[in-house]
Structures are given as C-alpha cells and as structure tokens.
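Step one of this worksheet: look at the structure below.
The values are calculated or read from the model by the stated rules, or taken from the named source; none is laboratory data. These numbers were taken from a predicted model, which means no experiment stands behind them. Here the Cβ positions follow ideal geometry from the backbone for every residue, glycine too, while neighbour counts run over all protein chains shown.
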Amino acid sequence: MSDSVSPPADPIKPRDGLLTRFLKATELDTRLIGMVGALALIWVGFHLYGALVNNFGAFLTPRNLWNLSVQTSSIGIMATGMVLVIVTRHIDLSVGSILGFCAVVMGMLQVYILPPILGLGHPMIWIIAVVAGMVTGACVGALQGALIAYLKIPAFIVTLGGLLVWRGTGFLIARGETISPVDPTFALLGGGPYGAIGATGSWIVGALACIGIVALSLNGRRQRRKFKFALRPVWADVFLAVLACGVAIGAVLLVNSYPWPKGIVRQYAQREGIKVPEEGIFISHGFAIPVLILITVGILMTILMNRTRFGRYVFAIGGNPEAAELAGINTRMMTVKIFAMMGFLAGLSAVVASARLNSATNALGTLDELYVIAAAVIGGTSLAGGIGTIYGAILGALVMQSLQTGMVLIGFDAAIQQVVVGSVLVLAVYLDILYRGKSK
Amino acid sequence: METEMTDRSGTPLVELRDISIAFGGIKAVDRVSVDLYPGEVVGVLGHNGAGKSTLIKCLSGAYQADSGEIFVNGEKAVIKNPRDARSYNIETIYQTLALADNLDAASNLFLGRELVTRLGFVDDAQMEAETRKIMYRLNPNFKNFASPVSALSGGQRQSVAIARAVYFNARILIMDEPTAALGPQETKMVGELIAELKRQGLGIFLISHDIHDVMELCDRISVMKNGQLVGTENVADVTDDDILGMIILGKKPERVA
Ligand SMILES: Nc1ncnc2c1ncn2[C@@H]1O[C@H](COP(=O)(O)OP(=O)(O)OP(=O)(O)O)[C@@H](O)[C@H]1O
Ligand SMILES: [Mg+2]
C-alpha cells in the first residue's frame, strides 16, 4: 500500500477561477446554493411585492417567518420520508390521506375513547394518542409496501388507491365531523405561544447546534487524517463552520424577536400573578415545538440515510435494484420498511397538523402529497432513483411553503395558488433533468 | 504459463447435477451437470445465448433451478438467494457487473457486508481504506475512490466487481467474462490473479469467449450449446480446433484411442 496522501477527487487546478476554487475547496453542492438562492428570491420578491403593491411588506417579518417555520414542519417531516420512497424508484400519493386518517384516529382516541376510560385530562391521553397515530400510519404504510413488494402492484397504483381508501375510511370513522378540542398537552405539539420553547430554551438549542457543528467539523478532519485522505483547506472548514453557526444563531435571534401577542401575555400574567407594566412585557416565542420535531426528524433521517446499512441499501436499490438483490439485500422487505416509515412520518405529521388546528377532520392533509413530492424533488431527489438528500427535501419543503404563504399574504386566491404550485412541481422536475444532464 | 494437474480424486468442491431452468417455455439450461475441484479452473464456453450465465446464476443464487441439485463439498446445498450462496463462500463476478451506479467503489465492494463501527454505523473511512488496499493490488492505476462508479470507465468498473469477489475470501469463485472490458495490462493481471487464487486452493468457474485465455488458464472446459452440455474435456487433451468444433458444431472431439 502506498504511504502518500491520496489526492482529492477533484483537485484544485492553477487555472481555476476564484469561484471554482472556492466551491472545490468547500465541497459545497452547487445545487444547495441554487436552492438557497431561489429561497432568497422568493422571500425578497414577496416582501417587495407587498411593500410596493399593498404598501406593507409582510413577508420578512419575525411573525411571518415564525409562522412559516411552523407551517413547513408538517410537509417537511413527510418530505424526509418521501426521499426514501423516491430514491428507491417508487412514489407515495397517499401521504396526505394517511395524515387525515391518522388525525381522525388520534382525534377519536383523545376526545371520545380515552377520556371515559382514563378520565378527562389524564396525562397518558396525549401519549397514547400520539403513539397510536404513528403506529396507525406505520401499519398503513407497511400494508401498502407489502402490496407493492410482494404482489408486485406498482406503487403508483397502490398509493393512488390508498389516496381514496384512507381519506374515505377517515370520513367513515369520523362520520364526516370535526373532532375537537384535542387534549391540551397534545395541542402544544402544534406550536402556538405555549407550544414554543421561549428565549432561553432557544439559545440552548442554538448553542447545542453550534457545538454539534464544530464537533462534526473536527471529527471530519480527524477521520480524513487518520486514513490519510486529502484534507479540506483549514480556511474552508472554518468558513463552513462559521457559516453554519451563523445560520443557527440567526434563527435563534429571529424566533426570539417574535413576541407573544398582548392577549396571551395578559392571560399568562394573570395566571402567574404578574403585573403587566404600561408598555407590556416582551415574551419571546422562541422555536416552536413542531419545528424542533422537524429538526430532530431531519437529523435522525440524515443519520439513517448516511450512516446506517439501511440507508446504504436504500441508495443501492435506487441505483440498481438487481445489483442490490444480488448483493444479498432483501429488497422486498426493504420496500415494506420504507413505506412503513413513510406512513409513520405521515402519522407524526398528523400529530403536528391536528395539534396546530386543535381539531381533527378527515380533510386534514388534503393535497399534501403534492407539496411533499414537490418538496423532495425541488430538494434534489431524482425521480430516476438513487439520488436524494434529507436536508434538500426539508429546504424544498421550505420553498414550497414560502410560495404558498407568500401567495396568501399578497392575496392571491386559491385557484391561482393551485396553478402556481402545480406549475412549480413540473418546472422543478424539468430543472432537475437539465441540471443532471449538465453535471453528467 | 503451464498449469499443474489438479488432483481430482477427492470430493468435488461444487457439483451441479442435472440443472434445468426455463423461461417462458424456452429451456435456457437443460439437464446440465458440471463440477469443480479445489485448486481447479473450469472454463464454461459456448456461443451467445448458450445458457452459460443462466447456469452459473443457479449456483450464485440469482436464479433457482427448476430441477437439479447442487452439492458443495459433497453435501447437498440449498441456495435460494444470493445470501445463501455467500454463506457457502461462493462469490460471483456477474457479466453485468451488478454495481450500484450511484455509489462509490467502496460502497459497492462492501454492499450487503458493510464494515460498521462499534456503534453499528457504517464505517465509510475504514471501507475506503480497505478498498484502496485491494485496488492497489488489482489495478494500481485505479484512483477514483470518491466518485460514483457511474463515472468510471468500463474497465475500472470491472476492477471494482473483481475486487468485490476476491476481497471476501471466497472458496468458490464464479467469473462471468471478467476481462471483457479490460485493457491488455489489466487482463494480464487478472490472469495472474486467477493463477494465484488457484494456488491458494480456490475453485473457479471461468466463463470466457477468448479461447487463448481459456487454454492458458483453465484445467478443464465445459462447452454448452442451446442450453445443453456438449461435453467436458481436459484442456491438455484438446486443441483449439477441437474446442471450436464443440462450440460451433456441438460435437465432441474424436478420440484417437
Ligand atoms: N431472465 C430471463 N428471462 C427470459 N429469458 C432469459 C433470461 N435469462 C436468460 N434468458 C434466455 O436464456 C438463454 C441463455 O442466456 P444466457 O444469458 O445464459 O446466455 P450466455 O451463454 O450467458 O450468453 P452470452 O455469451 O451472450 O453471455 C437466452 O436465450 C436468453 O434469452
Ligand atoms: Mg452470459
């Protein structure tokens, strides 16, 4: 074996321009940069449009961005699962309906079934409901996965059927009624002033994020050195770490600058026996709980995809299903697991979505499949299979939700929103094809 | 290179007995029996579509034979899928290479048998280091460890497939046209590799269209035509023309008794 340090895959050459050098040194994904650029364009665009046409730019305000973060959670959680589905060359059109179905199951449990047994407001109610919702989602997903893997029915058909079946089943169970109010503790999982962790908590989260970023960066260097692989230049590593920490701290500052509304402050002060001074009290929202759920899901799913055998097999199946099978991977069981996981995440999204509305209806999550698939595709998941990232899908969810929120803010009506969202989905796939054609 | 005679008095390492498999009425393999002894290289020859790949896929677990039996070390083996084959230390280089194009060389080499850290996470750095070691041995010109194998040349991809089969200490090695995409230098190295593995006592099924390679590397040859076995001969006993006759005309060489 040679003792020399092996060269990096794409070494910097003397005639590379400044930008090329920068990109190669940091190993930043051009696609990620493109996505962030698109996001910036959408945000600034909607803000300016509001400022010019309505005389009020409502987009780039702490209030709107905080709400945007909460609204992104439900789609984002499911989008991480959709990455696995699409990477393995499948599709799941039923996620919105599974969400509605799980929401109804959880609603029935906490409003009609559990209180008579355990007593109203029993602390176990919300826990049982949440677990039941996610298990329901996982079972539904596993069933669909089994039909796809063992009976060889295309995923497109199975989940298109599921789109109707689960929506209809939810309707039958709830008899078409809205089930409310949900358990008060359960409701916190949907965000809102009480469903957020406040200023101090947010700083702790921000600090943990920074520690994690630095640790990851150092560990990466150590690993590369241990095996004598080429190291990134120090300045590039430092730049990336500082940038990531900056984003984390920026997010904390943002969520902490959005105060509780006056009414909630008054309520809270009354309960705690605090006197509210003339100018009011500034109580920060901080990160909303659903956002923390999304971040946790994102981290766990990233670890799953990049650091476990399971994730490796997901990519292998997407790259070449036959090769995966010949390598001894039980591809059918993998398909069942992947769809079960998708269903599980739809159940978790159902928790967030119904908690946010403080009610459950079978209509919850209608058209979510479109947003979720669009999020994954915009985030770089290739419909040809084999390629996709979790962070990309979450960013994609943020893009989709930004579009949606922005259009609501400037007063586009629902019909226009549909036209735009549908077109964006098609455009995103086309851009993906262009991008891959070029990078080949 | 003169191959020494292998000892064929003991039990064979592998024995395929009366293997048949059909696809939609077409008999791809029809009652074929072949065997393989330790330290032996058996060439499997035949024209395109003769059923060579299909036959060895029954041994590698990719297909299940409709009828027939497989014996490993004299004991009946049940091979229902590629995992079973691996558990008998059977490794295969497929004609199609069977690589996941989106993964890098190391991920492909260890696919299904990843090295993991103490916490159970895949150990990419360790796997890459191991891959560098074996590739250095097989193909020192191979430098492309970070890119997905879709970005590699045909020969480089073939090197990855060969490395995968060799890395895990196979006892039985199946090579389905392993040098089809290789340059002369790399082909020579594979020849040397086969000779070395043979010395270590492996049994190798080598499928090839190159008669010279076969004459040089193999101890015996089994020729197939239209799914059936034409015959099995000691390489030392036959000429190039005899083999060509078996392949093209499907007739056994006439023995001068
Ligand atoms: N999965 C399959 N489905 C249907 N027919 C098949 C399948 N696999 C092989 N066959 C058929 O079986 C026959 C034998 O094919 P096989 O691939 O074993 O030939 P081969 O001897 O390896 O040829 P080559 O030298 O071209 O690699 C062919 O007629 C082929 O069409
Ligand atoms: Mg073949």
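Summary of computed values
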{"quantity": "Residues being surrounded by 21 or more Cβ atoms within 10 Å (Cβ to Cβ), more than 9 Å from chain A (Cβ to nearest Cβ) and hydroxyl-bearing (Ser, Thr, Tyr) - total across the stretch B:59-73", "calculated": "0"}
{"quantity": "So B:Ile204, is it in contact with a strand residue (DSSP E or B) (Cβ under 9 Å, 6 or more places away or on another chain), outside any loop (DSSP other than H, G, I, E, B) and crowded, with 17+ Cβ neighbours inside 10 Å", "calculated": "yes"}
{"quantity": "Any hit, the stretch B:42-57, residues being part of a strand (DSSP E or B) and away from ligand 1 (no atom under 16 Å from the Cβ)", "calculated": "no"}
{"quantity": "Count of the stretch B:74-109 residues which are under 16 Å from the mean Cα position of the chain (by Cα), facing chain A (nearest Cβ under 8 Å) and away from ligand 2 (no atom under 16 Å from the Cβ)", "calculated": "3"}
{"quantity": "Close pairs (8 angstrom Cβ cut-off, 6 or more residues apart or separate chains): within 21 Å of B:Gly24 (Cα to Cα) and within 12 Å of ligand 2 (Cβ to nearest atom) in the stretch B:51-73, part of a strand (DSSP E or B) and of a type in the set (Asp, Glu) anywhere", "calculated": "B:Gly51/B:Asp30; B:Lys52/B:Asp176; B:Ser53/B:Asp176; B:Ile56/B:Asp176"}
{"quantity": "Condition met for B:Thr96 (part of a loop (DSSP other than H, G, I, E, B), among the polar types (S, T, N, Q) and over 21 Å from A:Asn320 (Cβ atoms))", "calculated": "no"}
{"quantity": "Residue that is surrounded by the most Cβ atoms within 10 Å (Cβ to Cβ), among those in the stretch A:216-241 that are within 11 Å of chain B (Cβ to nearest Cβ) and not in a helix (DSSP H, G or I)", "calculated": "A:Phe229"}
{"quantity": "Qualifying position, being over 17 Å from B:Ser208 (Cβ atoms), more than 14 Å from every other protein chain (Cβ to nearest Cβ) and more than 16 Å from ligand 2 (Cβ to nearest atom), among B:Val14, B:Val32", "calculated": "B:Val14"}
{"quantity": "Total residues in the stretch B:106-128, condition outside any helix (DSSP H, G or I) and either touching a His at 6+ places or on another chain (Cβ under 6 Å) or not polar (S, T, N, Q) (or both)", "calculated": "13"}
{"quantity": "Scope the stretch B:110-128; condition facing chain A (nearest Cβ under 9 Å) and surrounded by 19 or more Cβ atoms within 10 Å (Cβ to Cβ); matching residues", "calculated": "B:Phe110, B:Leu111, B:Gly112, B:Glu114, B:Val122, B:Asp124, B:Glu128"}
{"quantity": "Where B:Leu109 falls short, out of the listed (1) within 16 Å of ligand 1 (Cβ to nearest atom); (2) within 18 Å of B:Leu197 (Cβ to Cβ)", "calculated": "(1)"}
{"quantity": "Unique match (being in contact (Cβ under 8 Å) with a residue 40 or more places away in the chain, within 29 Å of A:Thr169 (Cα to Cα) and in a helix (DSSP H, G or I)) among A:Ser349, A:Ser402", "calculated": "A:Ser349"}
{"quantity": "Positions within the stretch B:74-109 being without any contact (Cβ under 8 Å) to a residue 40 or more places away in the chain and of a type in the set (S, T, N, Q), in sequence order", "calculated": "B:Asn81, B:Ser87, B:Thr96, B:Ser107"}
{"quantity": "Qualifying residue in the stretch A:363-373 (condition: surrounded by 24 or more Cβ atoms within 10 Å (Cβ to Cβ) and under 21 Å from A:Gly386 (Cβ atoms))", "calculated": "yes"}
{"quantity": "Criterion (touching a residue at least 60 places away in the same chain (Cβ under 8 Å) and of a type outside the set (Lys, Arg)) met by exactly one of B:Val122, B:Val160, B:Val116", "calculated": "B:Val160"}
{"quantity": "The lone exception for B:Gly39 - which of (1) part of a strand (DSSP E or B); (2) more than 23 Å from B:Ala98 (Cβ to Cβ); (3) away from ligand 1 (no atom under 12 Å from the Cβ) it fails", "calculated": "(1)"}
{"quantity": "Residue that is nearest to B:Gly245 (Cα to Cα), among those in the stretch B:212-222 that are in contact (Cβ under 8 Å) with a residue 40 or more places away in the chain and either within 11 Å of ligand 1 (Cβ to nearest atom) or assigned to a helix (DSSP H, G or I) (or both)", "calculated": "B:Val214"}
{"quantity": "Number of positions in the stretch B:129-149 that are assigned to a helix (DSSP H, G or I), within 8 Å of chain A (Cβ to nearest Cβ) and of a type outside the set (D, E, K, R)", "calculated": "2"}
{"quantity": "The one condition in (1) more than 16 Å from ligand 2 (Cβ to nearest atom); (2) buried (at least 20 other Cβ atoms within 10 Å of the Cβ); (3) at pLDDT 90 or above that B:Lys133 fails to fulfil", "calculated": "(2)"}
